[in-house]
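Down below is the structure, laid out as structure tokens.
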Amino acid sequence: QVLLVESGGGLVQAEGSLRLSCAASGMIYSINTMGWYRQAPGEQRELVATITTGGRTNYADSVKGRFTVSRDNAKRTVYLQMNSLKPEDTAVYYCYGNVVEALSFIAKDYWGQGIQVTVSS
């Protein structure tokens, strides 16, 4: 099986910074796109940022210029550096990976369990 485990969330004041990490483990042949989504209370899950194996990135308009997504392919880890945080960034953040499984060589979407980020005003 494949696991994605997030770390680095917590409580921060507005204009502060946090760095999220997500490490993938298990029967992995390779990982295509990785990234981050978030879900605020009463809202649908939304894209925050994604990054391809080659480093091409995509960001939600609401986080452009404040958040930076990166990855370490050797460590099978994706990061999200969040700066200038706003109260409206408060949400559960989910790690995402499109993983090619080692035994089947089939690509499947995997999600982390989610990690809380709370920004106080």
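The values are calculated or read from the model by the stated rules, or taken from the named source; none is laboratory data. Everything quoted here is computed from the prediction, not taken from an experiment. No Cβ is skipped: glycine too gets one built from the backbone with ideal geometry, and neighbour counts run over all protein chains shown. Calculation scope for accessible area: heavy atoms of the full protein, side chains included, ligands and nucleic acids excluded. Shrake-Rupley method; radii C 1.70, N 1.55, O 1.52, S 1.80 Å.
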Sorted largest first, the Cα spans of the chain on the principal axes come out in Å as 48, 26, 22
Here the convex hull volume per residue of region 1-70, taken over Cα atoms and given in Å³, is 117 Å³
Over region 9-121, what is the relative contact order in whole percent, taking alpha-carbon pairs under 8 Å and six or more residues apart?
-> 36 percent
What's the extension gain from MET27 to GLU43 if we count 0.36 nm per residue and subtract their Cα-Cα distance?
-> 2.5 nm
Solvent-accessible area per residue for the chain (1.4 angstrom probe, square angstrom) = 53 Å²
Pop out the carbon and sulfur fraction of the accessible area of the chain as a percent, whole number, probe 1.4 Å.
-> 50 percent
Be a star and scan region 14-40 for residues whose amide nitrogen sits under 11 Å from the point 7 Å along the Cα-to-Cβ vector of TRP111.
-> 37-39
Relative packing of peptides 94-102, 47-55 - highest average C-beta neighbours within 10 Å first = 94-102, 47-55
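Write down the percent of antiparallel bridges among all DSSP beta bridges whose residues are both part of the chain, to the nearest 5.
90 percent
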Which of the aspartates and glutamates could be linked to LYS75 by a straight reach, that is with a Cα gap under 14 Å, when you skip same-chain ones fewer than 8 residues away?
-> GLU6
